[in-house]
């Protein structure tokens with residue numbers, strides 16, 4: 001106890017001595033930003049744990065349909081029945097429900113009928129019933145990170161983002177197990193799978209990766225490509241897809257590594273470096289962006305021609321990805337967090353949902369989307385509706 | 001002692017003339033803040049400027065202690081105040097502005113920390129370090145040592161330590177700010193101190209890598 005008193009006393013003295021005045025320019029900056037910022041209506045400002053259902057709205061497209069019908073049929077049908085038609089089309093609006101969890105969720109994943117959320121503060125993983133939002137199990141990892149690296153071979157895979165071991169979580173037993181890999185340095189957060197085989201970047205600085213057969217529990221090949229300058233961020237089409245161009249004179253973009261012959265490497269130039277990627281249908285969809293900027297470009301990579309085509313541009317560098325059918329869902333987690341639904345057949349945004357708050361992780365249970373809210377000890381379920 | 005302004009129950013015709021100028025009652029600081037919050041919530045930017053004047057340094061001090069980075073603390077403080085202006089209409093009880101603004105600030109600090117966490121994580125594995133028993137007769141004279149150890153804590157651990165040991169907030173008040181049960185706050189404080197002690201012990205042991 002004496003030690004505790006000494007430590008807290010010294011801590012308090014040290015905290016007291018740290019500078020406490022904001023820079024002189026801050027007042028003017030805040031004043032300027034306040035004048036440019038519109039206040040939000042109270043219903044958009046949620047408190048923790050409160051389910052929030054966005055009031056039904058008629059989208060611009062629906063309004064257009066409504067006015068077109070009005071113009072064509074106004075004389076014969078009448079306003080009352082028209083109102084009914086417009087209302088009917090807008091009936092299934094998105095439903096957003098927040099559920100409290102014990103801890104600060106970050107990464108999200110879906111496996112074996114459960115939503116899994118990694119907690120940055122407790123370094124635990126919560127298993128959540130998607131129907132009720134209740135945490136049915138909490139597994140302590142005792143390690144960072146909790147980005148929910150990947151799902152494959154019937155298990156959840158978590159890197160430590162450090163030199164610690166890879167962790168495999170078996171949903172049947174709710175047991176985390178360390179998976180040591182020889183030569184491992186700092187493991188990348190993302191662990192992409194193609195089938196049961198994971199591409200694991202075991203040392204991002206050295207550009208070293210392994211292909212790991214998760215069902216057999218063995219490393220089946222190893223590659224060492226420089227300058228990788230990052231991690232293998234996606235897997236698909238018989239290849240691993242990595243970040244390229246942070247190192248030497250290589251052009252900015254991504255790198256495609258053949259699964260059978262790691263020396264077979266294709267460089268694909270993009271304006272911005274890749275952040276996340278996911279295969280949908282016959283293409284790889286990749287979010288490209290640079291941390292800290294207000295810009296991200298969604299690109300479609302044709303694996304037959306190895307060409308990247310910009311599809312859409314967004315105002316925030318980091319967009320998390322989830323796939324439902326042929327729809328790609330992108331999460332712009334900057335406040336207020338916003339979901340964009342992209343039809344990958346037409347390359348168009350077909351729906352936008354403002355969730356509110358700041359969000360980070362994104363996953364899907366096949367019908368609904370699940371987000372982790374920053375600083376809120378909440379996960380949020382979004383039923384996109386029609 | 002505050003002067004209470006009220007009608008005098010006297011016969012004005014017979015009241016002696018006094019050379020006293022009745023001063024208006026100065027509102028209490030809490031009342032002033034309440035009025036400013038209500039005015040700001042009604043869209044008055046000048047009232048919000050006055051709130052910024054009151055809170056800027058205090059919030060910066062908290063952010064700086066949590067983030068341990070001057071520029072990041074400045075950014076976080078600015079962001080928190082701008083978001084406060086944007087969302088203040090959602091604050092149902094003006095008297096809870098204090099807890100609310102701290103909650104916003106800590107959330108913004110989390111955001112900064114999450115960004116940094118993606119790049120590289122330094123974390124003290126409390127369970128993996130044999131804490132040993134440091135010499136209890138010596139206090140920690142080396143402030144750099146304490147600073148380095150503090151920087152190795154998670155943001156959540158730093159937050160509770162700052163709120164409790166710098167702002168002097170009780171477990172219940174911290175629970176209100178962080179929206180955690182009191183028991184969780186107590187537990188978090190306990191483990192934060194444990195982690196701090198572990199980090200100090202690790203630093204004092206030469207050659208041992210600290211992740």
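Values in this text are rule-based calculations from the coordinates and carry no lab data. The shown structure was predicted, so the numbers you read here are calculated from the model rather than taken from an experiment. For neighbour counting, all protein chains shown are included, and Cβ atoms are generated from backbone atoms with ideal geometry for every residue, glycine included.
Determine the gain in length on full extension of the stretch residue A:9-residue A:323; use 0.36 nm per residue of separation and subtract their C-alpha separation, reporting nm with one decimal. Display every interim value, and only then the final one.
Numbers: separation 314, 0.36 × 314 = 113.04 nm, distance 5.21 nm.
The residue A:9-residue A:323 span can extend by a further 107.8 nm.
Using R₀ = 25 Å, calculate the FRET efficiency as 1/(1 + (r/R₀)^6) where r is the Cβ-Cβ separation of residue A:309 and residue A:261; round to 0.05.
Once rounded, the FRET efficiency stands at 0.40.
Hull surface divided by four, with the convex hull built on the Cα atoms of the stretch A:278-327: how many nm²?
Mean projected area for the stretch A:278-327: 3.5 nm², to one decimal.
Please compute the length gained on full extension between residue A:136 and residue A:20, using 0.36 nm multiplied by the number of residues separating them and subtracting their Cα-Cα distance.
Stretched out fully, the residue A:136 to residue A:20 stretch lengthens by 37.4 nm.
For peptide A:24-32, what's the mean number of Cβ atoms from other chains within 10 Å of each residue's Cβ?
Counting Cβ atoms of other protein chains within 10 Å of each residue's Cβ and averaging gives 5.
Taking each residue of B:40-48 in turn, how many C-beta atoms of other protein chains fall within 10 Å of its C-beta, and what is the average?
Mean shielding count: 2.
For A:148, A:321, B:31, which order do you get if you count the other beta carbons within 10 Å of each Cβ and list the fewest first?
Ascending Cβ contact count within 10 Å gives the list B:31, A:321, A:148.
When a footprinting reagent is the concern and you count Cβ atoms within 10 Å, what order do A:318, B:156, B:182 take, fewest first? Display every interim value, and only then the final one.
Values: A:318 21, B:156 25, B:182 14.
Placing the least packed residue first, the sequence is B:182, A:318, B:156.
Sort A:316, A:193 so the one with the fewest other Cβ atoms within 10 Å of its own Cβ comes first.
A:316, A:193
Stretched out fully, how many nm does the piece from residue A:291 to residue A:172 gain, at 0.36 nm a residue minus the Cα gap?
Details: separation 119, 0.36 × 119 = 42.84 nm, distance 3.72 nm.
My answer for the length gained is 39.1 nm.
Compute the relative contact order of the stretch A:259-362 as a whole-number percentage, counting only Cα pairs closer than 8 Å that sit 6 or more residues apart in sequence. Write down the numbers at each step before the final one.
Details: 225 pairs, mean separation 17.7, N = 104.
Computed over the stretch A:259-362, the figure is 17 percent.
What distance in nm lies between label points placed 7 Å from Cα along the C-beta direction at residue B:54 and residue A:181?
Those two pseudo-labels are separated by 5.4 nm.
Taking the Cα atoms of the stretch A:253-386, what is the range of coordinates along each of the three principal axes, in descending order and whole Å?
Computed over the stretch A:253-386, the largest-to-smallest principal extents equal 45, 31, 26 Å.
Could you give the C-alpha radius of gyration of the stretch B:45-97 expressed as a fraction of 2.2 N^0.38 Å, taking N as the number of residues it contains?
Relative to the rule-of-thumb radius for its length, the stretch B:45-97 sits at 1.17.
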